Amino acid sequence: MREIYSPQQIAEAVRVLAKSIAADYRGKPLILLGVLKGALYLTVDLARALSAIPDGPSDIVMDFVSVTSYGNETDSSGNIRLLMDATVPVAGRNVLVVDGIADRGITLHALRALLQERAPESLRTAVLFDKLGRRSVDLAADYVGLPLPNAFVVGYGLDYQENYRTLPYLAEL
Ligand code: IMP
Ligand code: MG
């Protein structure tokens, strides 16, 4: 497997993401809503980085949703299924949906629509890795860490059939 981003490059990208997020939510409460399982590492690392910034959000709540998309192993189909919903109410709150990667954009597009119906105060999306050339729906994440070529990648929370998720670096399968 070919390494695309090292653990150091990933850590630096998370720090940069956290800085811009912190600046936008200064003094405001924030819900980090991680998309399982791919955003596990990112959500935790982002929460740590945000907490270390003194003039960031006033408080941070972490919550998760679990989503699966039908399709074959390396491509999504256009449908998502919510396996587990958020546990905290999002009405009137600032919600930042955190996903490890945006590919066709279907997952974040569908989640945005679902959460928007619940009338949050604000709703934004953050991804660490973005395959911008692969979109099949109109979805631009508000915070983007690192660009990716059109390749299937694993590591830092991202899997291929539940394998390679715990790699500390990002690799092309
Ligand atoms: P999208 O809905 O096509 O944007 O795909 C987003 C979801 O598909 C992510 O949350 C991942 O779970 C998965 N995914 C997309 N591309 C990759 C990849 O290169 N490696 C691992 N998982 C991926
Ligand atoms: Mg997966």
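The values are calculated or read from the model by the stated rules, or taken from the named source; none is laboratory data. Given the structure is predicted, the values throughout are model-derived calculations rather than measurements. Please note that ligands, DNA and RNA were not included when accessible areas were found on the heavy atoms of the full protein model with its side chains. Shrake-Rupley method; radii C 1.70, N 1.55, O 1.52, S 1.80 Å.
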Practice item. Starting from the residue with the highest accessible area, list Tyr25, Tyr5 in decreasing order, probe 1.4 Å. Key: Tyr5, Tyr25
Study note, to complete from the structure: Cross-link reach from Lys131 to lysines, straight Cα distance under 24 Å and at least 8 residues apart if same chain, gives Lys19, Lys37
Practice item. Determine the per residue accessible area of region 2-172 with all protein chains present and a 1.4 angstrom probe, expressed in square angstrom. Key: 48 Å²
Study note, to complete from the structure: As a percent rounded to 5, the proportion of antiparallel DSSP bridges among beta bridges in region 32-173 is 35 percent
Practice item. Quantify, in whole percent, the carbon and sulfur part of the accessible surface of region 33-73 (1.4 Å probe; protein heavy atoms only). Key: 53 percent
Point to revise | Accessible area, probe 1.4 Å, largest first, for residues Lys37, Lys131, Lys19 | key: Lys19, Lys37, Lys131
